[in-house]
Amino acid sequence: MRDTEVYAMYPFGKGMARHLPFLLLMIPTALYVLFGFGPSLVTVVFSFTDATGIPGTEWHFIGWENYRTFFTASNADDQMKAIGRSLYFAFAVVLIQNAVALFVAVLLNRKLKGDVFYRATLFLPVVLGVTVSGLIWQLMFNPMGGPVQRILKMFGTSSNFFGSYEVAFDLIIFVQIWMYMGYSMTIFLAGLQSIPRDLYEAGYIDGAKGWTAFRHITYPMIAPAVTVNMLLSIIGALQTFDIIYVLTGGKFETSTLAWNVFAAAFGSTSADYGRASAIGMIQFVFVLIFAVTAMVYFRKREVEL
Amino acid sequence: MRKWSAMLLALVMVFTLAACGGGSGDGGGKNNSGSSSSPSSSSGNGGGGSAGDKPVTLRVLHWINEPVNKFMTDVFIPQFEQKYPNVKVEYTTVPSDDTYDQLMQTRINANDADIMAYRSAFVGAPQEWSPGAADPLWKQWADAGLIADLTNESFLSHYNQTDVENAVMYNGKAYGVNMGKVSFTGLYYNKEIFEKYNLQIPKTWDEFVNLLETLKSNGVTPLGFAGRDVWPFNLAVQGLQATIHDDQLEYIKGLWTGETKFTDPVAIEILEKAQVLMNYAHEGFMGLDYGTLPSVFASGQVAMVADGTWNAPTYASLNPDLKFGYFPIPGSNDPAKNANLAGKYDMTWMVVEKSPNKEWALKFLEEMSIPENYTAFVNAAGFLPNQDVKVESEFINEIMPYLGEFKLAWDQLFINRENVGQYASASSVHAEFLKPAGPIATAQELAALSQKDWDAAAPK
């Protein structure tokens, strides 16, 4: 056998060298177990204890007590309202963000003049991050002479924006969509650009153009991109607490389940890791149910070439 | 097969994303190391004590409060480092919200700090009349032996005994050094606007409403609030509570035993008067954040704002020509009840018990407690002093008459039940739910909701 054939059969050589890929894979796996999976498992254990996280204090296993408290304590109503808001938030974000992103991606997929500029501009908020985006929109929605307030005044009205019980939560949803639309758009664009031109040509001959072409060629072909975008936005939306932290701090009825996890773990005036872990686990199960359901559903709709 | 492995991969992705979502460390902090310190190799005798001369880095945690931070980095820390050349102070500051609580918790758990500033005095420990109430952080730390007992440190004797007892004593031991008091139940007022319309500081509620009406009829916006952060508006509500209740502590105890209720006439009166204040506030006050409030007042857009005395240096620096004063919100029609300001003990230094540099941390507090240095500190911070020293601030000296006997405000006295619903959460009185700020129309409705949430959380 010539050398090249040997390499083709054993790309990593023979003997011990064959195990090299596995050894190399061990490094990220070990890091993941140590810093990702391990702490997650410890959270499960913590959720059944009354641990405070303060060194030198005793802690005990207290069974399901933390979970029972969550669902039956006197403020359980507020918790249920927060879960309701999480669902509303996720539903609105997933639907609007993906619809807008797909629409913009289809537009940008045509060879427009200056499409690179539009793409970069629309992607910009993703790069800015939560704090900068929060600051921008606080300035835009400044009730004392901010630009949006001025426009409202032209119509003879005004608003407290992030300090208003009526609109604060919807404004947070708006900012969330503004921040991540570019991300979904990029994934859709990648999907769109991988569709071979000849499919459209063949479709054109068969009479598929415009909406029909989109419905029967474009949409099935970007199904994997749809799955990815749906999953990412469902998980992302259900877990969002950072933009709430920046814009309202959970006040004015803008707290969600994810926000409550954060508040229980870091925001409260006394340390209670057990309680925070339990709410974290509830949040995890909550996200998991929606994510897995969505994944199975969208996977089924995908077609393979 | 390909489909299944893709499925598996996606599942792993879901797990990873769902399980370890957004952790946030104590990033975003700012380290200011004193730059003027001499090299640690210097063996010179700089007045160093018996602790030896091995190089030490003293880690001090504090929150962002510009006048105080500036005093620490520009005056006190260089002075301390000059006196003890082997010590280098690492002074870390972060925003004074949850970020700071989180930083303290992380650092004390990791034993990675020597001195920490606590955001208040040691208040809120459960009392015999508040069964089942949760322990505040400082108590959890003291009970776990994480913060040092300073009872026998000689520098405590510089401070007034009553202040030490009220602010830092727990189980007969002093666990910190409280640096001073602030008041926040009054209003800043613009002296020029008051002069222009020939207005006097109101002594009763009726006089106050007249004054608000006069300003309004002259086209001047009477009141400014930072409603978006809620707590700054709540300062005004605490002003009403401090002057309308006969005895706040008795009323709070009564809430626990059931002798008093959130629906009592006195509590309704407070909520209704809070509603009156809101109706005289500027447009969009519920959207205004605390950081922007001073500029609204300093630029003369409103005649009065609700804020604490700690912020006087900010007002003065924003507009050096601004003439302003401070008076207690007169909630009652009895001038005697309106005569005093209420407030709280502000920051408390704590020494981390297991710190390897404990000796130096104590030296740091000893140095700060020397009357000369302490005076410089309170002057920079705008605090009311806990030592018998003279303050320079004209502003503080002007409000001294309102501070005859220091009164604690509602949020320093109130102890909440666990898992209480939103209408009675935190410090329990939430006028921000009332119109025009919130969705609830009348004080009676809100009071009934608060009482319902409070009753539901009663210890079983």
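When region B:113-133 is examined, which residues are found to be buried (at least 21 other Cβ atoms within 10 Å of the Cβ) and of a type in the set (Gly, Ala, Ser)? If you could, list the steps in order and put the result at the bottom.
Narrowing region B:113-133 to residues buried (at least 21 other Cβ atoms within 10 Å of the Cβ): B:113-118, B:121-122, B:124.
Within region B:113-133, B:ALA113, B:ALA117, B:ALA121, B:GLY124 qualify.
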**Prompt:** What do you reckon, is A:ALA17 farther than 23 Å from A:LEU238 by Cα, among the hydrophobic types (A, V, I, L, M, F, W, C) and at pLDDT 90 or above?
**Reply:** no
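Please determine whether any residue of region B:169-192 is farther than 30 Å from B:ALA125 by Cβ and among the basic types (Lys, Arg). So that I can check it myself, show each step before the final result.
If we filter region B:169-192 for residues that are farther than 30 Å from B:ALA125 by Cβ, which is where we start, we get B:187-192.
Right, trim to among the basic types (Lys, Arg) and you get B:191.
Yes, some residue in region B:169-192 is farther than 30 Å from B:ALA125 by Cβ and among the basic types (Lys, Arg).
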**Request:** Exactly one condition in (1) part of a helix (DSSP H, G or I); (2) within 14 Å of another protein chain (Cβ to nearest Cβ); (3) touching a residue at least 60 places away in the same chain (Cβ under 8 Å); (4) closer than 24 Å to B:GLU366 by Cα is not met by B:MET104; state its number.
**Result:** (3)
**Request:** May I ask you to say which residue of A:LEU231, A:LEU288 is buried (at least 21 other Cβ atoms within 10 Å of the Cβ), of a type outside the set (Gly, Ala, Ser) and within 11 Å of another protein chain (Cβ to nearest Cβ)?
**Result:** A:LEU231
**Request:** Determine, yes or no, whether B:ALA117 is more than 13 Å from every other protein chain (Cβ to nearest Cβ) and not β-branched (Val, Ile, Thr).
**Result:** yes
**Request:** Look at region B:228-242 and say how many of its residues are buried (at least 24 other Cβ atoms within 10 Å of the Cβ) and modelled with pLDDT of 95 or more.
**Result:** 9
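Just to be sure before I move on: is A:VAL126 within 20 Å of A:ILE96 (Cβ to Cβ), free of Cβ contacts under 8 Å to residues at least 24 places away in the same chain and surrounded by 15 or more Cβ atoms within 10 Å (Cβ to Cβ) in the structure I sent? Break it down into steps so the answer makes sense when it comes.
Working: within 20 Å of A:ILE96 (Cβ to Cβ): yes; free of Cβ contacts under 8 Å to residues at least 24 places away in the same chain: no; surrounded by 15 or more Cβ atoms within 10 Å (Cβ to Cβ): yes.
No: the conditions fail for A:VAL126.
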**Prompt:** Mind checking which residues of region A:54-68 are surrounded by 19 or more Cβ atoms within 10 Å (Cβ to Cβ) and at the interface with chain B (Cβ under 10 Å from one of its Cβ atoms)?
**Reply:** A:ILE54
**Asked** Can you find even one residue in region A:144-158 that is under 29 Å from B:ALA431 (Cβ atoms), in contact with a Pro (Cβ under 8 Å, 6 or more places away or on another chain) and either within 14 Å of another protein chain (Cβ to nearest Cβ) or modelled with pLDDT of 95 or more (or both)?
**Response** yes
**Prompt:** Are any of the residues in region A:69-90 more than 14 Å from chain B (Cβ to nearest Cβ), assigned to a helix (DSSP H, G or I), under 27 Å from the mean Cα position of the chain (by Cα) and under 20 Å from A:TYR183 (Cβ atoms)?
**Reply:** yes
**Complete:** region A:190-305: helices (runs of 4 or more DSSP H) wholly inside it with 1 or more residues that are at positive phi are A:210-213
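When region B:330-377 is examined, which residues are found to be acidic (Asp, Glu) and farther than 18 Å from B:TRP63 by Cβ? Before the answer, list the steps.
Start the filter on region B:330-377 by keeping residues that are acidic (Asp, Glu), which leaves B:334, B:346, B:353, B:359, B:366-367, B:372.
Result: B:ASP334, B:GLU353, B:GLU359, B:GLU366, B:GLU367, B:GLU372.
The values are calculated or read from the model by the stated rules, or taken from the named source; none is laboratory data. Quantities reported herein were computed from a predicted structural model and do not represent experimental measurements. Cβ atoms come from the backbone with ideal geometry, glycine included; neighbour counts cover every protein chain shown.
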